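A quick write-up on the structure given underneath.
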Amino acid sequence: MALTVLEQAEFADNPEPRCPVALALDTSGSMQGEPIRELNEGLRAFRDAIQADRLASLRVEVAIIPFGGLVRPVDVRADNRAPFDASQPFVTVDSFDPPILTASGDTPMGAAVRQGLQLLRDRKEVYKQNGIDYFRPWMFLITDGKPTDEWQLAAQQLREEEGRKGVIFFAVGVEGADLPILTQFSGQRAPLRLKGLAFAELFQWLSKSLSAVTHSKPGEQAPLPPVGWAQVDT
């Protein structure tokens, strides 16, 4: 993978180790109304919280992959004067500006997971080419439904990648989500059901978790804060 001049300059200016985070977010039609509004508010709370941690803001890189009808990474750069390259959508949090997501279409969850995995693999190659150390990538999947595409192979690929310690995966089900299907995506931790529409609390937890990770060293295990935004199904 050839490196652009901008990428080379980026790593020269900021040689900190990186922690790439792919957010696969359900933006299908069933998320219309309050759910998508609360999701957008949660993303802004995430930005504000993690930007307050200077080290984390230089080390955490975010890409957003909405899946509602189409699956395509969105531009999350605060400075988006240059053309957006959807094959390289990651941006460090100090330059992160979440878009306003809208809800429509079906739920191509399998395609979103496959694309997220590929983007994370590609990003790790970029780090290696630049001699940049990195933490294990994260993928966060949030949905209020079930896949409307072929998802079984994507679930298998994700389980295998997690088994190789190539990714840390969290699945979060909003009300209406099919948790038994989500369980098949993750081999190491059960999916969590969001309490109501507590997206702000979820993203505050994510920011604290990533801060804890990025204040450690790559390869170390960092303790994560307790999960207070989820409930256990009985």
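Read-outs throughout are calculated quantities, based only on the coordinates presented, and are distinct from any laboratory measurement. From a predicted model like this one, the values you see are computed outputs, not experimental measurements. Quick reminder, even Gly has a Cβ in these numbers, built from the backbone with ideal geometry, and neighbours come from all protein chains shown.
Compute the length gained on full extension between residue 86 and residue 160: take 0.36 nm times their separation in residues and subtract their Cα-Cα distance, giving the result in nm to one decimal.
Numbers: separation 74, 0.36 × 74 = 26.64 nm, distance 2.51 nm.
Working it through step by step, the gained length comes to 24.1 nm.
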I'd like to know which of 35, 84, 120 lies farthest towards the positive end of the charge dipole of the chain, counting +1 on Cβ of Lys and Arg and -1 on Cβ of Asp and Glu. 120
Which lysines, on any chain, are close to residue 124 with Cα under 20 Å apart, when same-chain ones fewer than 8 places away are left out? 165, 217
Can you list the aspartates and glutamates whose alpha carbon sits under 12 Å from that of residue 208, skipping same-chain ones fewer than 8 residues off? 48, 53
Per residue of the stretch 196-213, in order, report the coupling 6.51 cos²θ - 1.76 cosθ + 1.60 (Karplus, θ = phi - 60°) as ³J(HN,Hα) in whole Hz, putting x for Gly and Pro. x, 10, 7, 5, 4, 5, 4, 6, 5, 4, 4, 5, 5, 5, 5, 4, 4, 4
If contacts are Cα pairs under 8 angstrom and at least 6 residues apart, what is the relative contact order of the chain in percent? 24
Could you list the trypsin sites (Lys or Arg not before Pro) in the stretch 54-108 that lie in coil according to DSSP, counting only those with at most 15 other Cβ atoms within 10 Å of their Cβ? 81
Checked against the structure, the computed mean projected area of the Cα convex hull in nm² among (i) 15.8; (ii) 11.8; (iii) 13.1 is the one labelled (ii)
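For the chain, give me the percentage of DSSP beta bridges that are antiparallel, rounded to the nearest 5 percent.
Working: 7 of 29 bridges.
Bridges in the chain are about 25 percent antiparallel.
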Using only Cα atoms, find the angle between the long axis of helix 34-51 and the longest principal axis of the chain, and express it within 0 to 90 degrees, rounded to the nearest 10. 30
Where does helix 152-163 land angle-wise versus the long Cα axis of the chain, in degrees 0 to 90, nearest 10? 50
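Where nothing but the Cβ of Lys and Arg (+1) and of Asp and Glu (-1) is charged, how large is the charge dipole of the stretch 95-234 around its Cα centre, in debye to the nearest 20?
Result for the stretch 95-234 is approximately 500 debye, rounded to the nearest 20.
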Compute the long axis of helix 109-130 from its Cα atoms, compare it with the longest principal axis of the Cα atoms of the chain, and write down the angle in degrees, 0 to 90, nearest 10. 10
Give me the number: length gained by fully extending residue 195 to residue 150, i.e. 0.36 nm times residue separation minus the C-alpha to C-alpha distance, one decimal in nm. 13.4 nm
Extending each Cα 7 Å along its Cβ direction at residue 212 and residue 54, get the distance between those two points in nm, one decimal. 2.4
